[in-house]
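The values are calculated or read from the model by the stated rules, or taken from the named source; none is laboratory data. Computed from a predicted structure; not experimentally measured. Heads up, the Cβs are rebuilt from the backbone with ideal geometry, glycines too, and the neighbour counts pull from every protein chain shown.
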Amino acid sequence: MSDLFTDPSPDPSTQLIHHPYVPPAGFETVTTAVHKASTVIFPSVAALRNRDWKHKSGYTYGLHGTPTTFTLEARIATLEGGKYCTLVPSGLAAVTLVDMALLKAGDEVLIPDNAYGPNKAFAQGELAGWAISLQFYDAMNPADLAAKLNARTRLVWLEAPGSITLEFPDLTALVATVRAHNQTPGQAHPLGVITALDNTWGAGLAFNAFTLGVDLSMQALTKYPSGGADVLMGSVVTNNEALHHLIHLCHMRVGFGISGNDAELVLRGLNTMALRYAAQDAATRQLAAWLANQPQIAVVLHPALPGSPGHAEWQRDCTGAACLFSAVFKPDLSQTQIDHFCDSLKLFRLGYSWAGPMSLCVPYDVPAIRTTPWPHQGGLVRFSVGLEAVADLQADLAQALMAMQYSKG
Ligand SMILES: *Cc1c(COP(=O)(O)O)cnc(C)c1O
């Protein structure tokens with residue numbers, strides 16, 4: 001091959017492609033280089049035949065990983081205290097990858113009633129169409145999970161806390177319930193019923209999912225690991241090699257690739273993630289406590305607030321909390337007034353997602369998105385606290401509450 005560059009005969013158009021670039025040796029930097037590839041070049045036919053993408057013994061094709069994505073996988077696995085990581089193009093793709101890898105026609109999946117909405121929607125849509133049945137369970141009641149586990153159950157989703165209503169479940173008790181079921185005679189599946197945690201809120205920082213006994217932990221890297229509100233990505237981490245193999249095979253078959261540029265953004269975000277998590281945690285608790293004392297508010301939901309559902313479990317299992325809290329308004333305030341409150345906010349902008357630099361809020365109709373009883377009458381708004389000054393955010397909430405007071409219901 002090197003003859004090509006001393007031999008003047010190839011046309012310049014050929015030489016533009018077969019260039020003498022060699023990756024720099026001895027160029028050590030803080031950052032990871034952004035490698036982008038579909039094709040990976042093999043030095044010989046023998047190498048092409050021998051390199052096995054299944055065990056990551058080398059690079060085979062862009063979809064199967066690059067030095068950049070392998071580095072990010074290793075860092076996410078380390079963050080979560082796990083061994084194996086698979087990266088996918090969004091947090092939701094991480095959910096659907098787990099479902100597709102583990103569930104077959106005739107199986108059943110159990111999902112917490114307060115789970116991330118699109119997780120439930122995929123099960124009600126595609127999984128139902130593939131003859132995979134679904135039951136919702138009450139994450140705050142391990143006996144309800146125990147009653148719903150059956151011979152067809154293959155996968156149990158966990159989420160801590162619930163996406164909108166922020167109840168923190170007893171993960172240890174839920175995992176123990178599944179393990180007890182796996183011990184019952186007739187539980188023939190070699191891997192048993194698998195527990196998969198949506199760990200986006202904990203982000204690998206608030207608690208260690210594997211210490212609590214879950215089999216799989218997925219995250220929307222879109223949230224804290226990115227931190228920039230500018231990239232979509234997801235991860236699936238496990239310590240179980242057989243389980244990882246199932247995830248990995250499915251990942252290859254569905255073709256969930258991620259771009260080198262996106263991987264770079266997440267690698268950058270990881271450097272500041274622990275600091276951002278702690279800063280946003282402190283700001284969120286301050287604002288949640290303040291809002292809980294305002295006359296328009298019935299209750300503020302945040303696992304670190306005494307009285308919030310699952311506060312004791314959060315205290316037992318966690319060293320921190322994410323940047324989310326939800327406020328339930330007093331029942332005499334109409335949805336129109338609550339909408340007016342949201343529209344009056346100037347720093348909290350209306351938009352989905354969280355853990356980025358900008359504070360956000362979204363009003364939700366909770367009874368419409370759950371089957372378990374909801375004890376509150378008033379409307380709910382979920383807040384995501386960004387990196388702005390806390391005093392400014394508090395002043396923004398105060399002026400919007402005032403604007404709501406003078407609005408007509
Ligand atoms: C955002 C989110 C997801 C999905 O992540 P995307 O990257 O937006 O697809 C999954 N679970 C939870 C709890 C989330 O907040």
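Structure notes:
- Filter result for the condition that a residue is within 14 Å of LEU267 (Cβ to Cβ) and out of contact with any Phe, Trp or Tyr (no Cβ under 8 Å at 6 or more places or on another chain), over ALA46, ALA33: ALA33
- Filter pass, GLU264 being among the charged types (D, E, K, R), in contact (Cβ under 8 Å) with a residue 40 or more places away in the chain, surrounded by fewer than 19 Cβ atoms within 10 Å (Cβ to Cβ) and more than 16 Å from the ligand (Cβ to nearest atom): no
- Filter pass, ALA143 being more than 16 Å from the ligand (Cβ to nearest atom) and surrounded by fewer than 19 Cβ atoms within 10 Å (Cβ to Cβ): yes
- Within segment 280-289, the set of residues being crowded, with 16+ Cβ neighbours inside 10 Å and either of a type outside the set (A, V, I, L, M) or out of contact with any His (no Cβ under 8 Å at 6 or more places or on another chain) (or both) comprises GLN280, ASP281, ALA283, THR284, ARG285, LEU287.
- The one condition in (1) within 14 Å of LEU158 (Cα to Cα); (2) of a type outside the set (Val, Ile, Thr); (3) buried (at least 24 other Cβ atoms within 10 Å of the Cβ); (4) out of contact with any strand residue (DSSP E or B) (no Cβ under 6 Å at 6 or more places or on another chain) that MET233 fails to fulfil: (1)
- Of all residues in segment 85-119, those that are in contact (Cβ under 8 Å) with a residue 60 or more places away in the chain and of a type outside the set (A, V, I, L, M, F, W, C) total 9.
- Output for segment 100-114, where each listed residue is within 15 Å of the ligand (Cβ to nearest atom) and surrounded by 23 or more Cβ atoms within 10 Å (Cβ to Cβ): ILE111, PRO112, ASN114
- Scan of segment 352-381 for residues that are part of a loop (DSSP other than H, G, I, E, B) and within 19 Å of LEU401 (Cα to Cα), ordered by number: SER359, GLN377, GLY378, GLY379
- For LEU221, the stated conditions hold: it is buried (at least 24 other Cβ atoms within 10 Å of the Cβ) and either more than 12 Å from the ligand (Cβ to nearest atom) or under 18 Å from the mean Cα position of the chain (by Cα) (or both).
- Of all residues in segment 214-229, those that are in contact (Cβ under 8 Å) with a residue 24 or more places away in the chain and under 24 Å from LEU102 (Cβ atoms) have Cβ atoms under 6 Å from Cβ atoms of residues that are part of a strand (DSSP E or B) and away from the ligand (no atom under 13 Å from the Cβ), 6 or more apart or on another chain, in VAL214/THR195; ASP215/ILE194; ASP215/THR195; LEU216/THR238; SER217/VAL237.
- Pairs are defined by a Cβ separation below 9 Å, a sequence spacing of at least 6 or placement on different chains, a first member in segment 346-372 that is within 18 Å of LEU387 (Cβ to Cβ) and within 13 Å of the ligand (Cβ to nearest atom), and a second member that is in a strand (DSSP E or B) and among the basic types (Lys, Arg); the pairs so defined are TRP354/ARG382; LEU360/ARG349; LEU360/ARG382.
- Residue in segment 172-193 that is surrounded by 21 or more Cβ atoms within 10 Å (Cβ to Cβ) and out of contact with any strand residue (DSSP E or B) (no Cβ under 7 Å at 6 or more places or on another chain) present: yes
- Candidates THR211, THR184: the one that is among the hydroxyl-bearing types (Ser, Thr, Tyr) and at pLDDT 95 or above is THR211.
- THR211 vs. criteria touching a residue at least 60 places away in the same chain (Cβ under 8 Å), among the polar types (S, T, N, Q) and touching a Lys or Arg at 6+ places or on another chain (Cβ under 9 Å): no
- Complete set of residues in segment 199-218 that are over 19 Å from ASP281 (Cβ atoms) and either surrounded by fewer than 24 Cβ atoms within 10 Å (Cβ to Cβ) or out of contact with any Asp or Glu (no Cβ under 9 Å at 6 or more places or on another chain) (or both): PHE210, THR211, LEU212, GLY213, VAL214, ASP215, LEU216
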